[in-house]
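*Asks:* Could you have a look at this structure, given as structure tokens, before my questions?
The values are calculated or read from the model by the stated rules, or taken from the named source; none is laboratory data. It should be emphasised that the depicted structure is a prediction, and the values quoted were computed from it without experimental measurement. We place every Cβ from the backbone using ideal geometry, glycine too, and count neighbours over all the protein chains shown.
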Amino acid sequence: MDSGENDAFPLDDEAWALIPENKRQKILLVSEDNLYIEGALLVFEHLDVDKLTPAEYEAALAKNEIAAYDAAIFHEYTPENLPQDSTHLLYFAPSGEHSPFKNGKPLSRGRITRVSPTHPIMRWIEMDDVNFDSLNTFSIDRTQGEVALGQSLKVTIAAAKKQGRRKVAAFGFSMTGTDLMLRVSFPLLMVNTLDWFAGADSDLITTYTTGRRARVPLDGTYGISEVEVVTPSGKRHKAPLSEGYATFFANEVGIHQLIAMQDGVEVATIQLASNLSNATESDIEPSSELLLGGQSLKEPEPGVSGYRQALWMMLVLFALFLILVEWFTFNRRITV
């Protein structure tokens, strides 16, 4: 395209995109030996993983020797005391009073029949053919922003939530009574969860088209009714937010920012790259034919005026007709 002085439509000369930062994460794994989880963590090149047994974790925590971690993974262990508030938490088979989600009645030989179609953790995950010896169940409170990631019929097996700066995910199974670790879904599940913790998930929309309405997910925003939108030109306006989704509409090209506030504190934010990516709008070359309703119109003949039908002429003729009718009936003494 011509981007010089003769460019009649410069809006589509450049495109904007957001690429997730590949953040390096420091992970704490608290478990007895489990090579499946440790092997899945090797998929990441940007992870630094420390491993402790539950006993070592309790001892280090008591001595205040737990370093700052981006995320902690607890396998078959549900601690009472947790790392600092900024540490995200992943549980496998949590139970007892310290479970992040209230436990229900366990299922024997259960199956996960449904996974969340929208949550980033369950993206591309299929688990309906995975076998489990037993499954812990959870009772979730949707008013607190708790969402079901996986269900056995209508019973929640996996759940997630956001508590301030901390994200929490829990799966009601361990790696000792299932064949999940032998399937591609398991390392993918770990990748999705840690990406969600880091913020490098599907919430990042890089191909948003201007002039269209989109529903944008924002974690931890249940109970908030609106977000603030900062446009590329610096203008600010409000957008509605319902059930964790903001309804977003952009009419500017560039980077938009959506900010959710609660009690004066920022609880969630996301950036969106919007572009004018419509081939029809970008095609401003004069057309060789005139189309109307998908049909080509004939070229008008030179010197011949086109047919034009005006509504006012019809109204004048109708008024004259009424006058003539009234004159005729009056003179014939019909309406006298």
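*Asks:* Quick one: Arg166 ticks every box in (1) buried (at least 18 other Cβ atoms within 10 Å of the Cβ); (2) over 29 Å from Gln262 (Cβ atoms) except a single one, so which number is it?
*Replies:* (2)
*Asks:* Still on this structure, I have one more. Taking into account only those residues within segment 107-141 that are more than 27 Å from the chain's Cα centre (by Cα) and touching a residue at least 40 places away in the same chain (Cβ under 8 Å), which is farthest from Tyr245 (Cα to Cα)?
*Replies:* Let us first name the residues in segment 107-141 that are more than 27 Å from the chain's Cα centre (by Cα), namely 107-110, 131-136.
Those still in the list that are touching a residue at least 40 places away in the same chain (Cβ under 8 Å) too: 107, 110, 131-134, 136.
Working: Leu107: 32, Gly110: 32, Asn131: 33, Phe132: 33, Asp133: 36, Ser134: 34, Asn136: 29 Å.
Among them, the one singled out is Asp133.
*Asks:* In the list Thr221, Thr247, which residue meets the criterion of being assigned to a strand (DSSP E or B), polar (S, T, N, Q) and on the phi < 0 side of the Ramachandran plot? First the steps, then the outcome.
*Replies:* Values: Thr221 fails: assigned to a strand (DSSP E or B).
Answer to the check: Thr247.
*Asks:* Additional query: Filter segment 72-88 down to the residues that are closer than 17 Å to Met175 by Cβ and out of contact with any Gly (no Cβ under 7 Å at 6 or more places or on another chain), then identify the one that is surrounded by the fewest Cβ atoms within 10 Å (Cβ to Cβ). Explain how you work it out, then say what you get.
*Replies:* Narrowing segment 72-88 to residues closer than 17 Å to Met175 by Cβ: 72-78.
With the extra rule that they be out of contact with any Gly (no Cβ under 7 Å at 6 or more places or on another chain), the set shrinks to 72-77.
On the way: Ala72: 23, Ile73: 24, Phe74: 22, His75: 22, Glu76: 18, Tyr77: 20.
Within segment 72-88, the match that is surrounded by the fewest Cβ atoms within 10 Å (Cβ to Cβ) is Glu76.
*Asks:* Scan segment 210-253 residue by residue and report those that are over 15 Å from Lys162 (Cβ atoms), modelled with pLDDT under 80 and surrounded by 14 or more Cβ atoms within 10 Å (Cβ to Cβ).
*Replies:* Thr210, Ala214
*Asks:* Can you confirm whether Thr113 is polar (S, T, N, Q), at pLDDT below 90 and over 27 Å from Val49 (Cβ atoms)?
*Replies:* When the stated conditions are applied, Thr113 does not pass them.
*Asks:* Which one is farthest from Arg165 (Cα to Cα) among residues in segment 37-46 that are part of a helix (DSSP H, G or I) and at pLDDT below 90?
*Replies:* Looking at the filtered set, the residue picked out is Gly39.
*Asks:* Here are the criteria: (1) within 30 Å of Ser233 (Cβ to Cβ); (2) at pLDDT 75 or above; (3) charged (D, E, K, R). Tell me which single one Glu326 does not satisfy.
*Replies:* Among (1) within 30 Å of Ser233 (Cβ to Cβ); (2) at pLDDT 75 or above; (3) charged (D, E, K, R), Glu326 violates only (1).
*Asks:* Related question: Check segment 47-69 and report whether any residue there is under 15 Å from Ser31 (Cα atoms), touching a helix residue (DSSP H, G or I) at 6+ places or on another chain (Cβ under 7 Å), of a type in the set (A, V, I, L, M, F, W, C) and assigned to a strand (DSSP E or B).
*Replies:* yes
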